[in-house]
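Remarks on the structure that follows.
The values are calculated or read from the model by the stated rules, or taken from the named source; none is laboratory data. This one's a predicted model, so the numbers in the text were calculated from it and none came from an experiment. Don't worry about glycine lacking a Cβ; one is built from the backbone with ideal geometry, like all the others, and counts go over all protein chains shown.
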Amino acid sequence: MGAYAHLVGFSADGTTMVHGHPEGAEPKDATARGGPALAFELHPSVAGPHRVFVQVKIGGKVITAPFTLVVAN
C-alpha cells in the first residue's frame, strides 16, 4: 500500500473530495506495522456531511471501512 492506511472522502453533494494518509512516519519497508490507532488531519473545503473510506491492510488483506463525518462551518 505504501502507507499504513489511505483515506478518501467526498462531500454529500459530490462536488469536493479529500485524500490523506495517517500522520507520522511512513513505513520504511513491507514488514513495518502501524497502529493500533491512526490519526488523520483533513481540511475539507466545504461544510456538511462527508462520506469517507479508510483502507488498511491486515494479514495481507485490504479492508475498506466507511465512515460519515460532519464538517462544521
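Does ALA32 meet the test of being assigned to a loop (DSSP other than H, G, I, E, B), at pLDDT 85 or above and of a type in the set (Gly, Ala, Ser)?
For ALA32, the condition - assigned to a loop (DSSP other than H, G, I, E, B), at pLDDT 85 or above and of a type in the set (Gly, Ala, Ser) - is not met.
Checking the condition basic (Lys, Arg) and loosely packed, with under 13 Cβ neighbours inside 10 Å, which residue from LYS57, LYS61 passes?
Within the list LYS57, LYS61, the selection yields LYS61.
Pairs needed: first member in the stretch 48-67, modelled with pLDDT of 95 or more and part of a strand (DSSP E or B); second member anywhere, loosely packed, with under 10 Cβ neighbours inside 10 Å and of a type in the set (A, V, I, L, M, F, W, C); C-beta distance under 6 Å; at least 6 residues apart or different chains.
PRO49/VAL70
Can you name the number of the only condition in (1) surrounded by 10 or more Cβ atoms within 10 Å (Cβ to Cβ); (2) under 12 Å from the mean Cα position of the chain (by Cα); (3) not hydroxyl-bearing (Ser, Thr, Tyr) that GLU41 fails?
(1)
Which of the residues spanning the stretch 2-21 are surrounded by 12 or more Cβ atoms within 10 Å (Cβ to Cβ) and out of contact with any strand residue (DSSP E or B) (no Cβ under 8 Å at 6 or more places or on another chain)?
Correct list: ALA3 only.
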